[in-house]
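The values are calculated or read from the model by the stated rules, or taken from the named source; none is laboratory data. Worth saying up front: this structure is predicted, and the values here are computed from it rather than measured. Every residue, glycine as well, gets a Cβ built from its backbone with ideal geometry; the counts of neighbours run over all protein chains shown. Just the protein is used for accessible areas: all its heavy atoms, side chains included, with ligands, DNA and RNA removed. Shrake-Rupley method; radii C 1.70, N 1.55, O 1.52, S 1.80 Å.
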Amino acid sequence: MATSCTEYHFREIEPHWQAYWEANRSFRAELTPGKPKYYVLDMFPYPSGAGLHIGHPEGYTATDILARYQRAKGRNVLHPIGWDAFGLPAEQHAVKTGTHPATNTQANIANFRRQIKALGFSYDWDREIDTTDPRYFRWTQWIFLQLFQRGLAYVDERPVWWCPELRTVLANEEVVDGKSEVGGFPVERRNLRQWVLRITAYAERLLADLKDVDWPDSTKRMQEAWIGRSEGAELLFALPGRPEPLKVFTTRPDTLFGCTYMVLAPEHPLVDALTVPAQRAAVEAYRRAAAAKSDLERTDLAKGKSGVFTGACAVNPINGREVPIWIADYVLLGYGTGAIMAVPAHDDRDHEFAVQYGLPVIPVIAPESGEAKLPYTGAGHLVNSPGYDGLPWEDAKRRITAELAARGVAKATVNYKLRDWLFSRQRYWGEPFPIVWVSEADYARVRAAGIGPLPESPVTYVQDGVRQCALPLPAAALPLELPPVQSYLPSGNGESPLAQLPAWLEIWFNPQTGAALPAAQPCPTEGLWVRARRETNTMPQWAGSCWYYLRFLDPANPEAFASRAALDYWGSPDLYVGGAEHAVLHLLYARFWHKVLFDLGLVPEAEPFRRLFHQGIILGEDGEKMSKSRGNVVNPDTIIQSHGTDTLRLYLMFLGPLEAMKPWNPRGIEGVHRFLQKVWRECLGPDGAVAAKLSPDAAEDPALTRLLHETIRKVGDDIEALRFNTAISQMMIFANALQKAPAARTGSVRAFLQLLAPFAPHLGEELWARLGGTGSVMAAPWPAYDPALLTASEVKLVFQVNGKHRGEQLVPVGTGQEEAVALARGHAKVAPHLEGKELRRVIYVPGKILNLVVG
RNA sequence: GCCCGGGUGGUGGAAUGGCAGACACGAAGGUCUUAGAAGCCUUUGCCGCAAGGUGUGCAGGUUCGAGUCCUGUCCCGGGCACCA
């Protein structure tokens, strides 16, 4: 079965074993009830035109080692791969070339597949998925409908980047320095109709359930910060001469006596009504300036605050005092209520603003001791707050909230930074929404006919003064595929290219069957048909990656996104490895969808990823991030050609801790390559036959046997903890010892090859076969170590005098303290340091250290 | 500014509070060879001929003992960006 090379010809060996695995479907995962499973998942790649980046094989090698190790440990391993293939670059390519984005996407996938196969990963290729395949996105659409029916999707106007010159919506990454990336044209914020998912309904659970997952603490903290829970109160400030009060959110109701002015976000709906005629021009100018600002300009202005007085006042509910209302862009419409009560004595930003505009500063919190330097944001007790003076601030917070609540002008609330998720794009290359828009009257007819399920309250949108209602396609009509278009250019009015297809867009729609006919044709008379306009938005790239780990369980199922049996058996990934750049968005979105599916009883567990690990970034040789412009990009193909896949895999793992950010060093590759060549030479003679010093019953040095068992233990422990660099060190130590040994048992070397095989699987298979191993090395059960062999009869005891290392000696295990002290006194290097001194204390750690404190 | 990482030889890195520098890379010397490559042997933190001293960004502290724990500080990297 092995090749017949006499030397380590990786160019022959690696393709040979890859063909063997493929022909035998060696990595196929079968649902086997009763057999323990292990599901190890990579973050699937976006198949970019640039091909595989060296960061991909880093994470993929790590999971591949785990997958192969767990198979050897007897687990039924699911290790799949697929393509997250919707996305902006493919669309841009289509716009440029006029070819369908699918064509380019499929070419890129073919290239990625070739590259990944050349790396010898043990993926179950029968489970390959592609998010752009209608058989896949049918279920993405189906899950969206579940959200829609539960009232978790709605339509709203949201600001997006709009480029008047290009007549298109731009993504954040397409806007550079306030200009379009293509052409450098000016861009502006413009409100467009968008689908939004109600992720905020899950904020509390997304936060609370973080305690149940084995994730890096830093990632958990980032998610916590992103969700941004804060407890406080909503307070109502009366507006003289107006019926409705001004509502603000504050985390510090205790500082209410220190409120000397109010600030509204420039976009706040009350600004127009509140502005007095004399201030109108100034307010208008300020609002225009704020609206035109790019994010970058706003950031630049972070150093100085700016704002304008509206001329109006509000009444502080605690003391009836009137305070002026300003507008300023340091207050955001999207957080809280878009309005704040400013307490310049105890808030940095308010203080800066007050100083700039000469507004009064009244301290109301005093520290327990010493003088407070304003702004003072620490703990303390209340002052200048009649009726509350002397109270600790936390007590005052509760009391003031309660007392104002009793008067109906306050409500204790919890606020989140988390916003609802903008879930639509005005693009072609994404999943079409399985939604059509109908009139209110037609919606009522459909509802009356009992067709559904429909959301409890209809999702509506007012277009040109007419209310439209969103009607779902029936599940049986899925997938809704992308229609062919003439041009991938946006429509120019803010809608996707799909809006340019009148025959597809304007239809007669049968809500029962999902059937559609162009509206230009006569309306069918049989059954219920309504006049409809299709949704032209498409879903964002996140949609497909929110649930792909579930499709891997049962990728070809036409009846469900996965069968109940598959879900119950495979569950969710036991280990998920990917970059930390997804610490918030992808991982939060996927958790949200998973919890919705869990609530629907469709998945067995409440969290999708029990154990998560982030691989670190590999920097270029120059220590900078790899990028085309810097010219420091490493292509895996090059290394595979020059040194082979096994060397590349081993090197990626030897570079340093998996989670660390580390620079690429081409010279280091030689080191691991030499190691593999050494292993080859120790196994095989120059003629390619088994090396002369190996035999089944060789007189092997017990020290070598012990080292083998130590190596078995350490490599196993390190793999489980994803410490691959130290596992490789240990294998190098064994190989060095093997080289020096005059003889070794073939069985010992075969056991060693089993340890090496997950890291360097091609060489592992080749040498295993040539040393008489039966079948594939990966089918052999993982070697066990003998604990008895690991307990040595003698240990090295280190002698210290006053904490300084002075000597060492081999002593039998179980040597007592008195005996150890006697040995130290008799030690030629130690004795001089004890001479003429009084022994004051003895610290003895058996088998490790004897510290004699003298004086 | 805030949050999170991290500072250990010429380099990547190793080290449950117990011998700092495992394992590699690089370098130097040697061996083999007609010669080279590969391999093999030796050396390789710094100072010192040596004995020995010294050493984990810096300054303190806890401890019999600190790279590791604590306090302060400097530097580097990453993330967030006025969140009331």
Among the residues of the range A:802-838 satisfying the criterion of being in a strand (DSSP E or B) and among the basic types (K, R), which is most open to solvent (accessible area, probe 1.4 Å)?
A:K804
The range A:738-782, residues that are more than 29 Å from A:R11 (Cβ to Cβ) and touching a Gly at 6+ places or on another chain (Cβ under 9 Å)
A:P781, A:W782
Conditions first: (1) part of a helix (DSSP H, G or I); (2) of a type outside the set (S, T, Y); (3) out of contact with any His (no Cβ under 8 Å at 6 or more places or on another chain); (4) within 14 Å of RNA strand B (Cβ to nearest atom). A:P686 passes all but one, so which condition is the exception?
(1)
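Listed here are the residues, each with its yes/no results for (1) out of contact with any Cys (no Cβ under 6 Å at 6 or more places or on another chain); (2) assigned to a loop (DSSP other than H, G, I, E, B); (3) in the same structural domain as A:A779 (by TED's automatic domain parsing); (4) open to solvent by less than 60 Å² (accessible area, probe 1.4 Å).
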{"residue": "A:S4", "(1), (2), (3), (4)": "yes, yes, no, no"}
{"residue": "A:Y20", "(1), (2), (3), (4)": "yes, no, no, yes"}
{"residue": "A:S26", "(1), (2), (3), (4)": "yes, yes, no, yes"}
{"residue": "A:P57", "(1), (2), (3), (4)": "yes, no, no, yes"}
{"residue": "A:A62", "(1), (2), (3), (4)": "yes, no, no, yes"}
{"residue": "A:I65", "(1), (2), (3), (4)": "yes, no, no, yes"}
{"residue": "A:R68", "(1), (2), (3), (4)": "yes, no, no, yes"}
{"residue": "A:R71", "(1), (2), (3), (4)": "yes, no, no, yes"}
{"residue": "A:V77", "(1), (2), (3), (4)": "yes, no, no, yes"}
Within the range A:233-281, tally of residues that are of a type in the set (G, A, S), open to solvent by 10 Å² or more (accessible area, probe 1.4 Å) and either within 11 Å of RNA strand B (Cβ to nearest atom) or in contact with a strand residue (DSSP E or B) (Cβ under 7 Å, 6 or more places away or on another chain) (or both)
2
So which residues in the range A:328-353 are more than 6 Å from RNA strand B (Cβ to nearest atom), out of contact with any helix residue (DSSP H, G or I) (no Cβ under 6 Å at 6 or more places or on another chain) and open to solvent by less than 30 Å² (accessible area, probe 1.4 Å), if there are any at all?
A:A328, A:A339, A:M341, A:D350, A:F353
Name the strands (runs of 3 or more DSSP E) wholly inside the range A:152-225 in which the number of residues that are touching a Lys or Arg at 6+ places or on another chain (Cβ under 7 Å) is 2 or more.
A:153-163, A:188-197
Long-range neighbours under 7 Å by Cβ, at least six apart or interchain, first residue under 13 Å from A:A470 (Cα atoms) within the range A:140-155, second open to solvent by 30 Å² or more (accessible area, probe 1.4 Å) and assigned to a strand (DSSP E or B):
A:V155/A:R193; A:V155/A:Y461
Failed condition for A:L676, given (1) open to solvent by 10 Å² or more (accessible area, probe 1.4 Å); (2) in contact with a Ser or Thr (Cβ under 7 Å, 6 or more places away or on another chain)
(1)
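Okay, residues lined up against (1) closer than 17 Å to A:P253 by Cα; (2) touching a residue at least 60 places away in the same chain (Cβ under 8 Å); (3) part of a loop (DSSP other than H, G, I, E, B):
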position: A:I325; (1), (2), (3): no, yes, no
position: A:I340; (1), (2), (3): yes, yes, no
position: A:A345; (1), (2), (3): yes, yes, yes
position: A:E371; (1), (2), (3): no, no, yes
Evaluate the following for A:W593: is it open to solvent by less than 30 Å² (accessible area, probe 1.4 Å) and under 30 Å from A:V438 (Cα atoms)?
yes
Tell me, please, whether a residue that is closer than 22 Å to A:L147 by Cβ, acidic (D, E) and loosely packed, with under 15 Cβ neighbours inside 10 Å can be found in the range A:465-486.
yes
For A:R750, only one of the following conditions fails: (1) part of a loop (DSSP other than H, G, I, E, B); (2) open to solvent by 40 Å² or more (accessible area, probe 1.4 Å); (3) at pLDDT 95 or above. What is its number?
(1)
Just to be sure, is A:F799 outside any helix (DSSP H, G or I) and either within 16 Å of RNA strand B (Cβ to nearest atom) or open to solvent by 10 Å² or more (accessible area, probe 1.4 Å) (or both)?
yes
Pick from the range A:771-796, criterion among the hydrophobic types (A, V, I, L, M, F, W, C) and crowded, with 19+ Cβ neighbours inside 10 Å, ranking: farthest from the chain's Cα centre (by Cα)
A:L771
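For (1) acidic (D, E); (2) open to solvent by less than 60 Å² (accessible area, probe 1.4 Å); (3) in a loop (DSSP other than H, G, I, E, B); (4) within 12 Å of RNA strand B (Cβ to nearest atom), each residue gets a yes or a no:
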residue	(1), (2), (3), (4)
A:L602	no, yes, yes, no
A:P608	no, yes, yes, no
A:H614	no, yes, no, yes
A:E624	yes, no, yes, yes
A:S627	no, yes, yes, yes
A:V633	no, no, yes, no
A:I640	no, yes, no, no
A:Y651	no, yes, no, yes
Considering each residue of the range A:664-713, count those that are of a type in the set (V, I, T) and farther than 15 Å from A:T746 by Cα, and give that number.
4
Looking at the range A:235-288 only, could you name the residues that are outside any strand (DSSP E or B) and among the β-branched types (V, I, T)?
A:T251, A:T255, A:T260, A:V271, A:T275, A:V276, A:V283
Of all residues being among the charged types (D, E, K, R), more than 19 Å from the chain's Cα centre (by Cα) and crowded, with 19+ Cβ neighbours inside 10 Å in the range A:525-552, which is farthest from A:T168 (Cα to Cα)? Just the residue, please.
A:R534
Being closer than 19 Å to A:P479 by Cα, outside the structural domain of A:K595 (by TED's automatic domain parsing) and in a loop (DSSP other than H, G, I, E, B) is the requirement here; does A:T525 meet it?
no
Which condition breaks for A:K714 when tested against (1) touching a residue at least 40 places away in the same chain (Cβ under 8 Å); (2) under 43 Å from the mean Cα position of the chain (by Cα)?
(1)
What do you reckon, is A:E188 touching a residue at least 24 places away in the same chain (Cβ under 8 Å), surrounded by fewer than 19 Cβ atoms within 10 Å (Cβ to Cβ) and not assigned by TED's automatic domain parsing to the domain that holds A:L597?
yes
Within the group A:L722, A:L738, A:L789, A:L763, which residue is in contact with an Asp or Glu (Cβ under 6 Å, 6 or more places away or on another chain) and either more than 11 Å from RNA strand B (Cβ to nearest atom) or part of a loop (DSSP other than H, G, I, E, B) (or both)?
A:L763
Residue list for the range A:82-98, restricted to those being of a type in the set (A, V, I, L, M) and surrounded by 23 or more Cβ atoms within 10 Å (Cβ to Cβ):
A:A85, A:A90, A:A94
Could you check A:T815 against (1) within 14 Å of RNA strand B (Cβ to nearest atom); (2) in contact with a strand residue (DSSP E or B) (Cβ under 8 Å, 6 or more places away or on another chain); (3) modelled with pLDDT under 85; (4) not charged (D, E, K, R) and say which number it fails?
(1)
